[in-house]
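The values are calculated or read from the model by the stated rules, or taken from the named source; none is laboratory data. What you are looking at is a predicted structure, and each value in this text was computed from that prediction instead of being measured. All Cβ positions, glycine included, derive from the backbone under ideal geometry; neighbour counts span all protein chains shown.
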């Protein structure tokens, strides 16, 4: 396979076989951090090994934590419970979870920490989290409102309550929750307003925290109280990635195939799994889809909608503009590369016009992925039905699903440069 582009050959047949998604990125990075904050040895099995989780693991190593990798899906983490100030800035690529989660956790460390990332990460907002930490007395600066972030930590918060604006990302709340258990007194988090991106990820965070010994209650729907328990080293099993599963569910319905994921849709705890019920309605998706609580599944659904019987409007997706790229723009750009009037933006909504007759046509299109793994993986679905779909920068899938192209190949998909 070429490293700069990959042209998909429509299989012309149902895709069938077994294709188990990798471990959840969201859960793996939460568990890695909490294992690093726990004194002792934790064993994480079923974990994801990808760009994002390697950045987290390498950051922990730079701060004195031992992270061993005995096999392809296991991390063994041994820590003193303290993340020591590193000798150099922590480079986290474009890993939003690692960047946001570490920023809060390191505010309770000792010494200077610099959290940085690549050119894409340096465009992703972190100001709400920085302002929240400042309100707790933390000496923290992010001059651009995005990484790099510099923290001069003293090992404590000056106050035991914080108000956070989570309208842009639920990761800000998760970051504060995970840090909160390491304080010296009960810590309260309150939302500034009712808006919160992907609330289901908060539940995911709390589940991992509790597995590592945390005690959290929710006095109101918009507040949490975290006891100062710290974390206890534990053995933890990471479930498969629901966001990755959406591509396989969509490939199945697009090709009338039968793909065994090794896990039932109803067994996922991640919020993106709710996309399964929507995908199962294809080719009769609803006229309007609210993507606010399954944000990472929206690219999958948007490309699937191109082949739907009727147009689909995606709402509640404004947060997609501040992901690895502006995903609303990337989706509308890619779809209009396939056909000029296939999609359009209205404010922060995305309208996909839908045309079942696209299937079987020769419509050469080079899809700019904007170095975003989810754009690459979702537009691969278009290549299952349309001849001429070329994915630019296909290796960006390494962020969360390094084996994606091999997985499709194992189901019967081939590529032009292999033909």
Condition met for residue 374 (surrounded by fewer than 18 Cβ atoms within 10 Å (Cβ to Cβ), in a helix (DSSP H, G or I) and touching a residue at least 12 places away in the same chain (Cβ under 8 Å)): no
Selection within the stretch 234-251 - out of contact with any helix residue (DSSP H, G or I) (no Cβ under 7 Å at 6 or more places or on another chain) and farther than 26 Å from residue 303 by Cα: 235, 237
Residue count, the stretch 364-419 (criterion: out of contact with any strand residue (DSSP E or B) (no Cβ under 8 Å at 6 or more places or on another chain) and under 16 Å from residue 306 (Cα atoms)): 4
Residue list for the stretch 395-411, filter: within 20 Å of residue 255 (Cβ to Cβ), under 24 Å from the mean Cα position of the chain (by Cα) and touching a residue at least 12 places away in the same chain (Cβ under 8 Å): 397, 401, 403, 404, 405, 407, 408
Selection count, the stretch 203-228, where residues are surrounded by 18 or more Cβ atoms within 10 Å (Cβ to Cβ) and in a loop (DSSP other than H, G, I, E, B): 2
Matching residues in the stretch 136-162 - criterion: being in a loop (DSSP other than H, G, I, E, B) and crowded, with 17+ Cβ neighbours inside 10 Å: 136, 138, 142, 146, 147, 148, 157
Test: residue in the stretch 237-254 that is more than 30 Å from residue 182 (Cα to Cα) and in a loop (DSSP other than H, G, I, E, B): no
Unique residue being surrounded by fewer than 24 Cβ atoms within 10 Å (Cβ to Cβ) and touching a strand residue (DSSP E or B) at 6+ places or on another chain (Cβ under 8 Å) when the list is 23, 40: 40
The stretch 347-360, subset touching a helix residue (DSSP H, G or I) at 6+ places or on another chain (Cβ under 9 Å) and part of a loop (DSSP other than H, G, I, E, B), residue surrounded by the most Cβ atoms within 10 Å (Cβ to Cβ): 354
Residue check, residue 344 surrounded by fewer than 20 Cβ atoms within 10 Å (Cβ to Cβ) and over 21 Å from the mean Cα position of the chain (by Cα): yes
Considering residues of the stretch 182-199 that are in contact (Cβ under 8 Å) with a residue 60 or more places away in the chain and surrounded by 19 or more Cβ atoms within 10 Å (Cβ to Cβ) only, the residue nearest to residue 166 (Cα to Cα): 197
Number of positions in the stretch 109-129 that are crowded, with 24+ Cβ neighbours inside 10 Å and either more than 19 Å from the chain's Cα centre (by Cα) or assigned by TED's automatic domain parsing to the domain that holds residue 321 (or both): 1
Number of positions in the stretch 221-265 that are free of Cβ contacts under 8 Å to residues at least 12 places away in the same chain and in the same structural domain as residue 50 (by TED's automatic domain parsing): 1
Selection count, the stretch 302-326, where residues are in contact with a helix residue (DSSP H, G or I) (Cβ under 8 Å, 6 or more places away or on another chain), part of a helix (DSSP H, G or I) and within 12 Å of residue 354 (Cβ to Cβ): 3
Test: residue 284 is buried (at least 21 other Cβ atoms within 10 Å of the Cβ), at pLDDT 95 or above, outside any helix (DSSP H, G or I) and assigned by TED's automatic domain parsing to the domain that holds residue 407: no
